[in-house]
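Inspection log for the structure reproduced underneath, given as structure tokens.
The values are calculated or read from the model by the stated rules, or taken from the named source; none is laboratory data. Predicted, not measured: the structure shown is a model, and the values here were computed from it. Virtual Cβ from ideal backbone geometry, glycine too; neighbours counted across all protein chains shown. Side chains are part of the model used for accessible areas, which takes the heavy atoms of the whole protein and leaves out ligands, DNA and RNA. Shrake-Rupley method; radii C 1.70, N 1.55, O 1.52, S 1.80 Å.
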Amino acid sequence: MKPTIENKIWLSSPHMGGAELEYVKDAFDTNWIAPLGPNVNGFETSIENYLDNEVHVAALSSGTAAIHLGLVLLGVTRGDEVLCQSFTFSASANPICYLGAEPIFVDSDKDTWNISPVLLKKAIEDRISKGKKPKAIIAVHLYGMPYKVKEIHEIAAKYNIPILEDSAEALGSSYDGIKCGTFGDIAVLSFNGNKIITTSGGGALVTRNKNYKEKAVFLATQARDNAPHYQHSNIGYNYRMSNVLAGIGRGQMEVIDDRVAARRSNFEYYKQKLGHISGIEFLEEMRGMYSNRWLTCILMPSVQIRENIRLKLQSVDIESRPLWKPMHLQPVFEYCDSYVDGTSEDLFERGLCLPSGSNLGLDDLTRVVEVILKIMTK
Ligand SMILES: *Cc1c(COP(=O)(O)O)cnc(C)c1O
């Protein structure tokens with residue numbers, strides 16, 4: 001489906017496959033207009049089949065809700081410290097604060113733009129030496145690029161700290177042939193409107209631990225005890241996914257492989273057309289890593305050139321965006337400790353996300369490339 005504003009090229013817009021409406025119609029025909037029903041179960045099963053048959057999936061109202069519940073399941077409570085990748089979207093870190101816990105931010109490495117094993121180890125040892133062992137680690141596969149799974153999980157295991165794997169941007173990515181979203185003690189997916197597949201809004205909690213899934217569903221549906229009346233022994237949440245939206249998700253899962261292929265081919269096109277221009281850098285996959293290339297990002301020589309290009313694109317109705325502003329530089333997290341070496345700050349200054357939707361045509365990509373070439377080869 002094309003965006004409604006004629007000629008505008010969006011950063012990442014929804015891309016329906018066709019079957020979505022049939023599943024949604026089914027929800028209407030059977031009157032399952034509720035946060036439970038056959039589409040919810042069917043969507044969960046399709047994600048489980050896609051990721052790895054050994055995982056359990058709980059469909060929820062958003063990725064943020066999934067992170068919140070994930071931290072609850074990992075036992076994070078008031079006063080705890082949680083280590084979190086600084087270079088990410090704020091939704092990775094906000095739920096730490098919902099629980100009255102404190103985020104401690106860790107910078108990225110240059111190879112993956114994700115949490116640095118060196119700085120993670122340093123942060124853990126420093127926090128322990130200060131008398132407080134971190135309760136959990138939030139690691140993110142940003143823009144679809146896997147973090148260094150082996151190194152990061154070895155460190156976490158050595159200190160016996162659970163990992164919440166934020167795979168919101170990485171459905172379809174893999175590491176050593178194993179799908180992202182299956183590595184963490186708990187992992188999280190997002191189906192927000194700009195993600196690789198969407199339910200308009202939605203998310204999922206993924207885990208190999210069946211008890212976690214059951215507890216997640218229990219907490220996500222107001223934590224009702226087993227009684228004929230409404231009885232509660234826990235604080236509950238209203239976080240379950242609607243059966244109507246899960247219908248969209250079932251249709252989207254039928255085309256996930258095409259969506260990944262299209263986004264990867266966007267990346268290849270940009271790289272082929274711009275990769276040889278001096279001053280433009282692309283993030284390559286390390287051996288064993290496979291990125292869904294949710295967004296194609298480029299690094300420019302300076303913030304000035306980055307802004308030149310962004311504004312020029314904007315003036316011809318092409319949406320692009322600076323990379324995520326690191327959490328340790330956000331006003332709202334000013335009070336938090338961090339372990340940083342300037343890597344994510346530099347990425348934020350020089351980086352630009354290019355239009356990356358799976359529904360872009362060759363004409364769209366050509367238009368983007370022409371604007372950039374004109375500035376960079378002047
Ligand atoms: C989108 C996103 C989230 C949050 O997901 P929502 O479904 O929008 O709540 C969390 N983390 C990252 C890295 C994201 O990109």
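The table that follows gives values for the structure above.
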| item | result |
| --- | --- |
| Of residues in the range 49-79 being touching a Phe, Trp or Tyr at 6+ places or on another chain (Cβ under 7 Å) and of a type in the set (Gly, Ala, Ser), the one farthest from the ligand (Cβ to nearest atom) | Ala59 |
| Matching residues in the range 80-120 - criterion: being under 14 Å from Asp337 (Cα atoms), in a loop (DSSP other than H, G, I, E, B) and either within 12 Å of the ligand (Cβ to nearest atom) or small (Gly, Ala, Ser) (or both) | Ser86, Ala93, Ala101 |
| Every residue from the range 208-234 that is under 21 Å from Thr182 (Cα atoms) and touching a His at 6+ places or on another chain (Cβ under 6 Å) | Lys210, Lys213 |
| Index of the failed condition, Ile138 passing every other in (1) more than 16 Å from the ligand (Cβ to nearest atom); (2) crowded, with 24+ Cβ neighbours inside 10 Å; (3) among the β-branched types (Val, Ile, Thr) | (1) |
| Residues of the range 165-209 that turn out to be more than 9 Å from the ligand (Cβ to nearest atom), open to solvent by 20 Å² or more (accessible area, probe 1.4 Å) and farther than 17 Å from Met289 by Cβ, as a count | 4 |
| Residue within the range 258-270 that is without any contact (Cβ under 8 Å) to a residue 60 or more places away in the chain, surrounded by fewer than 18 Cβ atoms within 10 Å (Cβ to Cβ) and more than 26 Å from the chain's Cα centre (by Cα) present | no |
| Given (1) open to solvent by 10 Å² or more (accessible area, probe 1.4 Å); (2) touching a Lys or Arg at 6+ places or on another chain (Cβ under 7 Å); (3) under 29 Å from Leu11 (Cα atoms), number of the condition Ile155 does not satisfy | (3) |
| Residue selected from the range 276-315 under the condition basic (Lys, Arg) and touching a residue at least 60 places away in the same chain (Cβ under 8 Å), by the criterion most open to solvent (accessible area, probe 1.4 Å) | Lys312 |
| Set Leu21, Leu36: member being surrounded by fewer than 20 Cβ atoms within 10 Å (Cβ to Cβ), under 20 Å from Tyr239 (Cα atoms) and out of contact with any His (no Cβ under 6 Å at 6 or more places or on another chain) | Leu36 |
